Amino acid sequence: MNITNADLHCHSVVSDGTLSPEDLASRAKSNGVELWSLTDHDVIGGQERARNAATALGMHYVGGVEISVSWMSQTVHIVGLNIDPEHSGLLNGLRQTRDGRIERGHLMARQLADVGVPDAYVGAMEFCGNPELLSRTHFARFLVDKNYCKDIEEVFTRFLTPGKPGFVDHAWATLQESVTWINAAGGVAVIAHPGRYRLTELQ
């Protein structure tokens, strides 16, 4: 397989994206992508739709997912590529990872209400295609939409990060758990956007 253009990391409305799996596939194709993967956060409910759309458009498709991980006192994301989306161990692990997001969302909304931002939970849900995947991204879109902030960058400067209103920590999967789930499902684990994390420099 001679591939010159691949996109192996994107999200749909099934998690925290803004486009359907089908629309994402169309956008990828229009940008010359030949090998594509949908890697929604902590859920694989869009995989069949993504694969069908990619195949119909003549793209090669790789099953994918992005797992939230608690590691070294920070949240990191691990992408699993070439996974079996029907693997029971992976499905059960992702279900465990999603647990607690709703309660966390209510706690985030209460903090925001305390600093003059009412109805944040309901507002964030309007941007959330899958209630089980309610995230900071959905709250950020609400804050921009209601003009509390001019853009997403300002949101994360003023809110939703450690020490700021609206940030509620959450115990995600461990690094070992996420890699084990991915490998058991036949996939390869890759760290997502490594430049974001506080990692020790190699000497």
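The values are calculated or read from the model by the stated rules, or taken from the named source; none is laboratory data. Note that the coordinates shown come from a computational prediction; the quantities given were computed from them, not determined experimentally. Cβ: placed from backbone, ideal geometry, glycine included. Neighbour counts: every protein chain shown. These area figures cover heavy atoms from the full protein model, side chains too; ligands, DNA and RNA do not enter into them. Shrake-Rupley method; radii C 1.70, N 1.55, O 1.52, S 1.80 Å.
The table below gives the values:
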read-out: Accessible area of segment 103-203 divided out per residue, in Å², using a probe of 1.4 angstrom; value: 60
read-out: Probe 1.4 Å - accessible area at Tyr121, Å² to nearest ten; value: 40
read-out: Mean-position separation - Cα centroids, segment 65-103 and segment 1-63, in angstrom; value: 19
read-out: Among Cys128, Ala25, Phe156 - extreme Cα towards positive end, dipole of the chain, charges at beta-carbon; value: Phe156
read-out: Computed magnitude of the charge dipole of segment 109-193 (debye, nearest 20; Cβ of K, R +1, Cβ of D, E -1); value: 120
read-out: Gain on full stretching of the segment that runs from Thr157 to Ala184 - 0.36 nm per residue minus C-alpha separation; value: 5.9 nm
read-out: Sequence ranges 16-25, 134-143, ranked by mean other-Cβ count within 10 angstrom, highest first; value: 134-143, 16-25
read-out: Sulfur and carbon atoms: percent of accessible area, segment 78-120 [1.4 Å]; value: 45
read-out: Carbon/sulfur fraction of accessible area - segment 1-42, other protein chains in place, 1.4 Å, %; value: 46
read-out: FRET efficiency, 1/(1 + (r/R0)^6) with R0 30 Å, evaluated for Glu34 and Leu91 via beta carbons; value: 0.55
read-out: Surface accessible to a 1.4 Å probe, Cys10 within the full protein complex, Å²; value: 20
read-out: Within straight-line cross-link reach of Lys164, lysines at Cα separation under 30 Å, skipping those fewer than 8 residues along the same chain; value: Lys146, Lys150
